[in-house]
Each structure stands twice: as structure tokens, then as C-alpha cells.
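Step one of this worksheet: look at the structure below.
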Amino acid sequence: AMAAFLLEEGFEGIRALRDLSWNKFIDLEPTKGESCFYFNAASGVFATSSFSSFCANSGGYFSRTATIQNACRDEAGDIIGSTASMATCSSGSIDTGTKKITIKIVWGPTYQYSQVADMYLADLYPNN
């Protein structure tokens, strides 16, 4: 139950960052790969970090990461995959207004359990 909550909270955090500024928080993330994703109490918003100390939640028992990739579309406009590349897709072309978001939760004494979920996120607001 806690892992499912942390997954949903992760997606809500990504949506909140999108609503604040697509260009600042979402658009440049594919260059980072998998990053720790946590709530920064000092700033009041979610943030990413490459430092594993930010991944721990609830006494270090849970860890959450986020990966943001560019969505690839075919000529008909259908999503056909995703890429971490900022420049090319293996087929089709990059849709600059859509990203694939993957949230991963791991837990257990040795982080032996995991739950992963994906979604596609669109740049809906002209907020740069």
C-alpha cells in the first residue's frame, strides 16, 4: 500500500512541476537519466537529485526515483516509444511536448522489492 501511495505521489509531483514550468523542470530532465525524486520541504516543491541520500523516505525503508524520457511519434502522430536522447529517436521523431515518466519505488531491508509505473505527460500550459 505504501509503495502504491509513493508512486501516485511521484506522478502528482511531476504534474505539479509541469504546471510550474515545463522548460525549467521537465524538458531538460531526459539528460539526467534515473534521478532521486523527493519533496523538498525548504522550497515546497518536488525536486530531483543524483545523490542517493535524497532517495530515502520513511526512515530509509523506501526509495523513489524518476526517469523522464522524450516521447517518439510516428508520421501518423502515434507514440511509438521513448528515448533518453535529446536529439533522435530510433524511429519516428521526438515530440518536444510529450515526455514518458517512469516512477520506481524500491523497499525492504536490502531494497529487494520494487514497483514501477509509467505515464506520458503533455505540456498543456504556456508557462515555459
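All of the numbers you see were taken from the coordinates with simple rules; none came from a lab. The shown structure was predicted, so the numbers you read here are calculated from the model rather than taken from an experiment. Ideal geometry is used to build each Cβ from the backbone, glycine not excepted, and the neighbour counts take in all protein chains shown.
Work out how much length M2 to R15 would gain on full extension: take 0.36 nm times their residue separation and subtract the Cα-Cα distance, in nm to one decimal. Don't skip to the end; give the middle numbers.
Numbers: separation 13, 0.36 × 13 = 4.68 nm, distance 2.00 nm.
Full extension from M2 to R15 adds 2.7 nm.
On a 0 to 90° scale, report how tilted helix 2-20 is relative to the longest principal axis of the chain, with both axes built from alpha carbons and the result rounded to the nearest 10.
Helix 2-20 and the main axis of the chain meet at about 50 degrees.
With each label point set 7 Å from Cα along the Cα-Cβ vector, what nm distance links S91 and Y120?
Modelled inter-label distance: 1.6 nm.
Under a Cβ-Cβ cut-off of 9 Å, what is the net charge of the residues other than A71 that fall near it, where Lys and Arg count +1 and Asp and Glu count -1? Working shown, then result.
Numbers: positive: R73, K99, K100; negative: D95.
For residues surrounding A71, the net value is +2.
Treat every Asp and Glu Cβ in the chain as -1 and every Lys and Arg Cβ as +1, leave all other atoms uncharged, and give the resulting dipole magnitude about the Cα centre to the nearest 20 debye. Kindly include the intermediate steps, with their values, before the conclusion.
Details: 9 positive and 13 negative charges, 73 e Å.
Charge dipole, the chain, about its Cα centre: 340 debye, nearest 20.
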